[in-house]
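The numbers here are math on the coordinates, done by the rules we state, and not lab data. Because the structure is a prediction, the values reported are computed rather than measured. So basically every Cβ, Gly included, is an ideal-geometry build from the backbone, and we count neighbours across all protein chains shown.
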Amino acid sequence: MLDHVSFDLPPGKVTGFIAHAGQGKTTFFRLALRFYDPQGGEITLDKHAHTALPVAELRREIVLMAQFPAFFIDSVRENFLVANPAATDDEIRRLCEMTPLWDKLVSTFGPTPLDAPFQAGGPLSGGFKKLFALTRCLLRNPRYLFLDEPTTGIDPTVKFEFIEPMRRNCAGKTTLVVDHDILWQLRFCDHFIVLDKGKIVQQGGGMELLNQPGVFRELFDEQTQVIRDLAGVMDLIKATPGSPTAVPAEVIEAKVAETA
């Protein structure tokens, strides 16, 4: 449950929503998309209550990439057109070419991949399924992107490789991310909002929050107790390009070492 929560999302930036489980992160997504309406307060877009917009219009402005995106036994093209039936093949290809997705579709499904059976995404890895789902969201040309657990289903040893192409997809969009992996978010996000017991207790950049006591550092420490034992994780982090305001890999390494 959210309790007297008030915050602004930095325009055009990627913001991470951080909290222990059950603290209201997914609740906010559902409220913003009007799966149900708030009992009090309001969410505003351009200073207007979002409840004033027709639901269909609201969901063109705000698009959610679900934790478990739905894929279908149909062509690759039809799996894209679910998001925007009016999209042309050129529009789909142009978005796919922003990232390695188009090359992956060609290598997997052949030289005319949009015509091929998608097989509910079966031939693609977890990372490319998420990249496909994110590209599909962009066909709706939203102003706001909500990413719900984008690293779920991606192999832990490769998910850092998807930071750069996903950042490219999010460029220019106001993006809000919920994910269980703080190390990944430190390389992906520009800004963080931290919840505890339904209230906002911290806000700021990753570097700032790592260097102050609080829920963010507690969750980071809890995670590194497990993650630092996984061989090669720090090598992946150090090799991964992040956002312009990402916490440097050497700082993450130093913070992980402090918990040892």
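If packing is taken as the mean number of other Cβ atoms within 10 Å per residue, what is the order of 109-115, 189-195, highest first?
Numbers: 109-115: 14.6, 189-195: 22.6.
Order by mean packing, descending: 189-195, 109-115.
Over the residues of the chain, the helix contribution to mean residue ellipticity at 222 nm works out to -10500 deg cm²/dmol, using -39500 (n - 2.57) for each DSSP H run of at least 4. Computed on segment 1-126, with alpha-carbon pairs under 8 angstrom and 6+ residues apart, the relative contact order is 20 percent. Cα centroid separation, segment 19-90 to segment 104-138: 22 Å. Only Cα sites of segment 106-260 enter the Debye sum here, all with the same form factor; the resulting log10 I(q)/I(0) across q = 0.16, 0.21 1/Å is -0.95, -1.45, listed in q order.
Report relative contact order for the chain in percent, whole number only (criteria: Cα-Cα under 8 Å, sequence separation at least 6).
Computed over the chain, the figure is 27 percent.
For segment 123-208, the percent of C-alpha pairs falling in each 5 Å distance bin, counted from 0 to the bin holding the largest distance, reads 3, 12, 25, 25, 18, 11, 5, 1, 0.
Could you work out the relative contact order of segment 165-224, using alpha carbon pairs under 8 angstrom and six or more residues apart, expressed as a whole percent?
Reported as a whole number, the value is 24 percent.
With a ≥ b ≥ c the root eigenvalues of the C-alpha gyration tensor of segment 23-64, is it rounded (a/c under 1.5), prolate (a/b larger than b/c) or oblate? Oblate shape, in that a/c is at least 1.5 and b/c is the bigger or equal ratio. Maximal additional length on extending the ALA56-THR88 stretch stands at 9.4 nm, based on 0.36 nm per residue less the C-alpha distance.
Cβ-to-Cβ counts within 10 Å put LEU131, LEU138 in ascending order as LEU138, LEU131, the fewest first. Annotation: extensible slack from ARG140 through THR26 equals 38.9 nm (criterion: 0.36 nm per residue apart, minus Cα-Cα distance).
Any chance you could list P(r) for the chain, counting all Cα-Cα pairs in 10 angstrom bins from zero, rounded to whole %? Distribution as computed: 7, 30, 34, 22, 8, 0 percent.
Length gained on full extension, GLU253 to ASP3, computed as 0.36 nm times the residue gap minus the Cα-Cα distance: 86.5 nm. For segment 1-94, the fraction of C-alpha pairs farther apart than 18 angstrom is 59 percent.
Starting from the Cα gyration tensor of segment 61-107, take the square roots of the eigenvalues, sort them a ≥ b ≥ c, and report rounded, prolate or oblate (rounded when a/c is under 1.5, otherwise prolate if a/b is larger than b/c, else oblate). Rounded.
To the nearest 20 debye, what charge dipole does segment 53-210 have about its Cα centre, counting +1 at the Cβ of each Lys and Arg and -1 at the Cβ of each Asp and Glu?
240 debye
Within the chain, the longest segment free of exposed loop sites, counting GluC sites (Glu not before Pro) that fall outside DSSP classes H, G, I, E and B and have at most 13 other Cβ atoms within 10 Å, spans 98-260. Computed on the Cα trace of segment 86-169, the radius of gyration divided by the Kirkwood hydrodynamic radius gives Rg/Rh = 0.94.
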